[in-house]
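Input: a single structure, listed below in structure tokens.
The values are calculated or read from the model by the stated rules, or taken from the named source; none is laboratory data. Small disclaimer: the values here were computed from a predicted structure and weren't measured. When we count neighbours, we look across all protein chains shown, and the Cβ atoms used for this are built from the backbone with ideal geometry, even at glycine. Surface accessibility is based on the protein's heavy atoms, side chains included, excluding ligands, DNA and RNA. Shrake-Rupley method; radii C 1.70, N 1.55, O 1.52, S 1.80 Å.
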Amino acid sequence: MNTSTLSHLTTPAGSLPADAPAWNRQRHSRMPSQRYRDFSSRVEVPLAARAWPTKRFTAAPLWVPVDLRDGNQALAEPMDPERKRRFFDLLVRMGYKEIEVGYPSASQTDHDFVRLIADADLAPEDVTIVVFTPARRDLIERTVASIRGIRNQVVIHMYAATAPVWRDVVLGRDRAELKKLILDGGRDVRDLAGDLPNVRFEFSPEVFTLTEPDYVLEVCDAMTELWDATPERPVILNLPATVEIASPNVYADQIEYMHENLARRAAVILSVHPHNDRGTGVACAELAVLAGAQRVEGCVFGNGERTGNVDIATLALNLHAQGIDPMIDFSDIDEIRRTVEYCNRIEIHPRHPYVGDLVHTAFSGTHQDAIKKGFAEHRARAAAEGRSEREIAWRVPYLPIDPADLGRSYDAVIRVNSQSGKGGVSYLLESEYGIELPRRLQIDFARHVQRHTDASGGEATAAELWEIFRAAYLARPAGSDGPALLGYDTTDTATTIALRIHGGEHRSVHEGIGPVEALTRALAQHGSRIEVLNLHQSSLGTGTGTDALTLIEYRDDDGPRWAAGTDRSVLTASLNAVLRAAASPAR
């Protein structure tokens, strides 16, 4: 292997850890991990007892897509007005009832889009519009001006970073000074928009996960008091994992601490906004909901800064897979994906949960066999219960949910490459061509497919599988001068067979037997000894007007083998299969 491109890598060669078991031979590397501190030395999590591990999901939280603001500001090319409008329309059609639409003080495009919602009545009356602003009076003024005239419910979302490093390095303020800045901003929001009956308020202590628990609780309680939070006009407290710093259980502990200790809990909608820096954004959101969160902000399919915001499509479909209505429609996942890809100008990974091109696809032979059997059991159970296949409980192996729930067909569930086995191969032939292969033929045919995929190094389509099947069992081998059937006649007492062999015509009469056995005896008279062991009838395709397909397992001088024949007549198809066997070259 050429290692020149790996010249900066240094294979770990340090000492083995003293407490490492004998089976673990990993060595200390040269990674400078000592530069980083464990989360427990950076923030306290003062929780004595945990309730969240015993909780279970029973209903969906309120989903709030932030693609048009947080997701948009993370794009190399932010959305133009047409893309914003298209994305907004998609979110509405999917059923989202609270949508963060922009940061109107940050750009003219965002401001104009909020004004478009106000002037063109884009949002149904039951959709709440959320706008985002920092805690600065001039920007709050511009934000409030942008929402005037919107008839929908509106949330003004104000944020300020509260963590020690941000206070010290970014803002240059101590705890008391920052609290005053936040309360001044909250006062401006109240004074400028408090008289608007359709407006509620939201506050985010940015970098909540790295903020001292007592301080963030103090600031949040001060904000709910300032905004006079009541159950009739609740305040949203949004607690972001702005940068993921710890495992998801730690975030759950932090959320539960706030849930248990907020002063006006009945007047607070507790919200979370996880990012995905550690790759555990989905887990953080799920555990946070168990810990008391009622609202989740994120992006459809998880776009966002760095490794992204939490993926609210995955979260919702995780609930669906547990039998809980996600309250959002994903019944055409490919239309959703196409729209999101167009608006973001970012392709979605083929292995992305639920939506990726390959997430319902099996290449592995063992997986394919299990899925094929699962589909067969599903169909049989539906028939036995007299119910639709879409109504009965789903339990097909390796498929957490029915792809049809997302508007996907079963065409791409099983695809064949060099890792595939007989189950996947036979499934594709059956689903695309209606051919049901007996088990022993599945094994034999899989060997032909394996040779093809090993040679090509790629995937075999259903059409390619049919060509492999046709060449292996149906078509006469190249250069073959095997016998040809000129005709046959059968009566109650005898069958007459007419053959052309090596250019000559031969007719024979066989008493007391049917056409297939008569043909094998006629061939044996000319040196082609074929014993038909099993005969299976199938068809090419479905419905009337399709050709019959006969599959025969036979034994010749080389042992058991397979051949096939087709014709509009089932009997002729069977005779053609025997002739194909006679034309097969020796192995």
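General remarks:
- Test: residue in the stretch 78-94 that is under 29 Å from T224 (Cβ atoms) and either open to solvent by 70 Å² or more (accessible area, probe 1.4 Å) or modelled with pLDDT under 95 (or both): no
- Any hit, the stretch 359-377, residues being in contact with a Pro (Cβ under 6 Å, 6 or more places away or on another chain), at pLDDT below 90 and assigned to a loop (DSSP other than H, G, I, E, B): yes
- Where H502 falls short, out of the listed (1) in contact with a Lys or Arg (Cβ under 8 Å, 6 or more places away or on another chain); (2) loosely packed, with under 15 Cβ neighbours inside 10 Å; (3) not charged (D, E, K, R): (1)
- Against the conditions (1) at pLDDT below 70; (2) open to solvent by 70 Å² or more (accessible area, probe 1.4 Å); (3) of a type outside the set (F, W, Y); (4) within 27 Å of G527 (Cβ to Cβ), Q419 satisfies every one except (4).
- Of residues in the stretch 33-51 being touching a helix residue (DSSP H, G or I) at 6+ places or on another chain (Cβ under 8 Å) and among the basic types (K, R), the one modelled with the highest pLDDT: R50
- Boolean, V169 is buried (at least 21 other Cβ atoms within 10 Å of the Cβ) and among the β-branched types (V, I, T): no
- The lone exception for D492 - which of (1) charged (D, E, K, R); (2) in a loop (DSSP other than H, G, I, E, B); (3) open to solvent by less than 40 Å² (accessible area, probe 1.4 Å) it fails: (3)
- Selection count where residues are of a type in the set (D, E) and touching a helix residue (DSSP H, G or I) at 6+ places or on another chain (Cβ under 6 Å), scope the stretch 360-406: 2
- Test: V396 is in a helix (DSSP H, G or I), at pLDDT 60 or above and not acidic (D, E): no
- Identity of the residue in the stretch 287-305, surrounded by fewer than 23 Cβ atoms within 10 Å (Cβ to Cβ) and touching a helix residue (DSSP H, G or I) at 6+ places or on another chain (Cβ under 8 Å), that ends up farthest from V359 (Cα to Cα): G292
- Residues satisfying the stated conditions in the stretch 564-578, i.e. open to solvent by less than 10 Å² (accessible area, probe 1.4 Å) and not in a strand (DSSP E or B): A573, S574, L575, A577, V578
- Of all residues in the stretch 99-139, those that are open to solvent by 10 Å² or more (accessible area, probe 1.4 Å) and under 26 Å from the mean Cα position of the chain (by Cα) total 0.
- Only one entry of S426, S409 meets the criterion of being at pLDDT below 80 and surrounded by 13 or more Cβ atoms within 10 Å (Cβ to Cβ), and that entry is S426.
- Which numbered condition M223 fails, given (1) hydrophobic (A, V, I, L, M, F, W, C); (2) outside any strand (DSSP E or B); (3) touching a Phe, Trp or Tyr at 6+ places or on another chain (Cβ under 8 Å); (4) under 17 Å from V43 (Cα atoms): (4)
- Count of the stretch 210-233 residues which are among the polar types (S, T, N, Q) and out of contact with any Leu (no Cβ under 8 Å at 6 or more places or on another chain): 2
- Number of positions in the stretch 531-563 that are closer than 23 Å to R500 by Cβ, at pLDDT below 85 and either open to solvent by less than 60 Å² (accessible area, probe 1.4 Å) or of a type outside the set (D, E, K, R) (or both): 1
- The stretch 15-32 - residue that is open to solvent by less than 80 Å² (accessible area, probe 1.4 Å) and of a type in the set (G, A, S) and, of those, nearest to the chain's Cα centre (by Cα): S29
- Only one of the listed residues (R447, R521, R529) is over 18 Å from L575 (Cβ atoms) and free of Cβ contacts under 8 Å to residues at least 40 places away in the same chain. That residue is R447.
- All positions within the stretch 214-255 that are small (G, A, S) and at pLDDT below 95: A246, S247
- All told, A49 falls short of being of a type in the set (G, A, S), in contact (Cβ under 8 Å) with a residue 24 or more places away in the chain and in a loop (DSSP other than H, G, I, E, B).
- Search result, residues across the stretch 346-385 that are of a type in the set (D, E) and within 27 Å of E77 (Cβ to Cβ): E347, D357
- In summary, I513 fulfils each of the numbered conditions (1) on the phi > 0 side of the Ramachandran plot; (2) more than 55 Å from the chain's Cα centre (by Cα); (3) open to solvent by less than 60 Å² (accessible area, probe 1.4 Å) with the single exception of condition (1).
- Test: residue in the stretch 52-63 that is at pLDDT below 90 and surrounded by 10 or more Cβ atoms within 10 Å (Cβ to Cβ): no
- Pairs, first on the phi > 0 side of the Ramachandran plot in the stretch 313-335, second not aromatic (F, W, Y), C-beta under 7 Å, six or more apart: M327/A60; M327/G95
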